[in-house]
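Peer 1: The structure is given below, and queries will be raised subsequently.
Taken together, the values in this text are just the output of simple stated rules run on the coordinates, not laboratory data. It should be emphasised that the depicted structure is a prediction, and the values quoted were computed from it without experimental measurement. A quick note on method: Cβ atoms are made from the backbone with ideal geometry, for glycine too, and the neighbour counts reach across all protein chains shown.
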Amino acid sequence: GVTLAWQARCLRELVGDEPFVLLGHSGGGILAHALTRYLEEEDVLPAGVVLVDVYPLSRPMHVVWQNELSLGVFERKHQYVPMDDIRLTAQAHYGVMTGGFQAREIEAPTLVVRATEPLGRWDRDDDWRAGWELPHTAVDVPGNHFSVMAEHAGATAAAITAWLDDLV
C-alpha cells in the first residue's frame, strides 16, 4: 500500500540508477522483502535483499518469546528512536502490515542472517533459528536476536559483506 509506495519513491530518488541492496532486521526484514516485491513489480530490481534474524509470523517464536522480544526493545530504546506516541503508533501500523504478510517469490537473491543464540528458553523440538520459506542463502552469526545488530554487529556486517562480494 501507501507505505511501500512512499518507501519505493524515496528509495528511487535516493539511489537513482545505482545498484542497491535492501536490508531489514526482525520485522523490518518482512518489510524489506515486501518492498523488494513492490519494486520488482515496478521494474526496479534490487541487487539483493538481506533479512537479519527474521521470524515469519507463522513461526511460534512470537508467542514463545513475546516477553523477551518486548523487553529487548524497551531495554534498547536508547539505540532506536524514542519510545513515544509516534513510535508506538508506527509499531501498531507495522504490526497490521506484517500481520497479513504472505511471502511471495522475488527475483532478488536473498540472504537470511541467523543468530546462533536463542533469545530465551526453547523447549520445543523444532528449530528456533530464523528461517525463510522462499529460496535464500543462510548464514549464522554470533549473538541473539538483538545482539547481532549491536554487540556482534561487526561479525554480522562481515557475513553480509562476504555475501555481497559473491554477488558481484
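Peer 1: Under a plain spin-label model, where a point goes 7 Å from the Cα along Cα-to-Cβ, how far apart in nm are E117 and E40?
Peer 2: A separation of 3.5 nm, rounded to one decimal place.
Peer 1: Right, another one. Under 19 Å from a point 7 Å along the Cα-to-Cβ line of Q102: which residues of the stretch 3-18 have their amide N that close?
Peer 2: Only 4 fall inside the zone, counting backbone N under 19 Å.
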